[in-house]
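One structure is given here, and the rest of the page talks about it.
The values are calculated or read from the model by the stated rules, or taken from the named source; none is laboratory data. If you're wondering where the values come from, they're calculated on a predicted model, not measured in any experiment. Glycine gets a Cβ as well: all are built from the backbone with ideal geometry, and neighbour counts include every protein chain shown.
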Amino acid sequence: MRKVFIMCAVIFSSIASACSQKEDLKEHYDAQVSQMIQQAGIPFIELRFRSPEINYSVQCANPDFYDSVKIAEGTAIRQPAIMQAASLSKVVFSYIVMKAVQDGEIDLDTPLYKYTDIDRFKDKETAKKLTARMVLRHRSGLPNWSVAASSAEWPTSEITFKFPPDSCYDYSGEGFAFLQRAIEKIKGKDIETIAEEEVFNPLGMKNSSYAWRSDYDTLAVFGYTDDKCEGLRRHPRANVGYTLRTTAEDYAKFLDELLFGTTLNPEIKEMMFTPDTNKAIRYADGERPCDSSIFWGLGIGTENNANHGKVLWHWGDNDTFRALFILIPQEQSYLLYFTNSNHGHDIIDKMTALFFNDGQPFALSSWVNDETGEE
């Protein structure tokens, strides 16, 4: 009996020690994240980090913004705090497209004009060459947007090509909006209904929507340019390129599905994660050193990282809302954060150093932040 008692005591002591270590680690992460957003001038952040050993989450508000009505007007008080996902919207849509590929509803290499109209394109013969694969790889040759996507004139604006289709990488929300129309036509439903049926409801993403919801009137977080509050910046229509509103808790469920889920079969998932052989050179007027490590899969960025192997990632930039996820399949880990600030990407290097225990900056950081080519 004494041996049993001693063994139980040792097990209890080990559990208590493990709990203490987890509490210490959380306190360390909390302090570091708080310091990062204060130094960068970010009012609020929602963050999730997952690895086989760690499941960490935090919402952190910057005390430098407590001395005014900014916080009370929507920065972080009401829960759940609804954030703009910006271009992280595209990855959820890409998952929907790949599921449609799996179900035989769309073919990646069938010209999209066979699924939907090309009325807005100035050069209709060139538009007939566009395929879902070109759009998802950002090789459509289209501009990011024909005009501001939230403007009244955008739905009827004329679309012109910057480059011949499939000739080079060039990031385009306009291409994704075109593919959205094709998916809506194929399924006979609007994108919000499709997303609810195929992603949000199955994954329990109860606070996520491409379209504005009435509860967002009080739950949506305000955006900031430096220390200037820019308000809610509601978007007039659901657009898979940038209008997803969500929470870190919700979007982490989607990343869990990408990492561990079985809805997409392994072959389809491998197609999505396999990068194009062409580098994702972000600026046509000059290749930068970081471009040599960045490629694009089907709707998701990839990085060839010396320390971590293949990295899957995407960034979001709606001016006053900036977001990022970094997913490392072979390590079964990911980092996800949403901010309500134009400084949201200033913290990438500090984030990767903290959570991936890697002092070597990821190439994606320079790819996102460096417009001059100087590294």
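Numbers below:
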{"item": "Only one of 101, 69, 4 that is at pLDDT 95 or above and hydrophobic (A, V, I, L, M, F, W, C)", "result": "101"}
{"item": "Subset of region 165-178 that is in contact with a strand residue (DSSP E or B) (Cβ under 9 Å, 6 or more places away or on another chain) and either of a type outside the set (Phe, Trp, Tyr) or at positive phi (or both) - its residue that is surrounded by the fewest Cβ atoms within 10 Å (Cβ to Cβ)", "result": "166"}
{"item": "Tabulated pairs, region 47-58, first more than 17 Å from residue 80 (Cα to Cα), second among the aliphatic types (A, V, I, L, M), C-beta under 6 angstrom, 6+ apart or interchain", "result": "49/335"}
{"item": "Meets criteria (surrounded by fewer than 18 Cβ atoms within 10 Å (Cβ to Cβ), over 22 Å from the mean Cα position of the chain (by Cα) and either assigned to a loop (DSSP other than H, G, I, E, B) or of a type in the set (A, V, I, L, M) (or both)) for residue 116", "result": "yes"}
{"item": "Test: residue in region 309-330 that is of a type in the set (Ser, Thr, Tyr) and in a loop (DSSP other than H, G, I, E, B)", "result": "yes"}
{"item": "Of residues in region 119-163 being over 23 Å from the mean Cα position of the chain (by Cα), of a type in the set (A, V, I, L, M) and part of a loop (DSSP other than H, G, I, E, B), the one nearest to residue 271 (Cα to Cα)", "result": "130"}
{"item": "Unmet requirement for residue 92, which otherwise passes all of (1) loosely packed, with under 11 Cβ neighbours inside 10 Å; (2) modelled with pLDDT of 95 or more", "result": "(1)"}
{"item": "All positions within region 267-308 that are outside any loop (DSSP other than H, G, I, E, B) and modelled with pLDDT under 95", "result": "none"}
{"item": "Residue match in region 296-309 (condition: touching a residue at least 40 places away in the same chain (Cβ under 8 Å), surrounded by fewer than 15 Cβ atoms within 10 Å (Cβ to Cβ) and aromatic (Phe, Trp, Tyr))", "result": "no"}
{"item": "Sole residue being part of a loop (DSSP other than H, G, I, E, B), in contact (Cβ under 8 Å) with a residue 60 or more places away in the chain and farther than 23 Å from residue 339 by Cβ, chosen from 170, 166", "result": "170"}
{"item": "Residue in region 203-238 that is nearest to the chain's Cα centre (by Cα), counting only those that are under 23 Å from residue 182 (Cβ atoms) and either surrounded by fewer than 23 Cβ atoms within 10 Å (Cβ to Cβ) or free of Cβ contacts under 8 Å to residues at least 24 places away in the same chain (or both)", "result": "209"}
{"item": "Yes/no for residue 200 being aromatic (Phe, Trp, Tyr), in contact with a helix residue (DSSP H, G or I) (Cβ under 7 Å, 6 or more places away or on another chain) and crowded, with 18+ Cβ neighbours inside 10 Å", "result": "no"}
{"item": "Residue selected from region 310-324 under the condition surrounded by 19 or more Cβ atoms within 10 Å (Cβ to Cβ) and within 16 Å of residue 245 (Cβ to Cβ), by the criterion farthest from the chain's Cα centre (by Cα)", "result": "320"}
{"item": "Contacts under 7 angstrom Cβ, first residue in region 244-256 being acidic (Asp, Glu), partner surrounded by fewer than 24 Cβ atoms within 10 Å (Cβ to Cβ) and outside any strand (DSSP E or B), 6 or more apart", "result": "250/205; 250/207"}
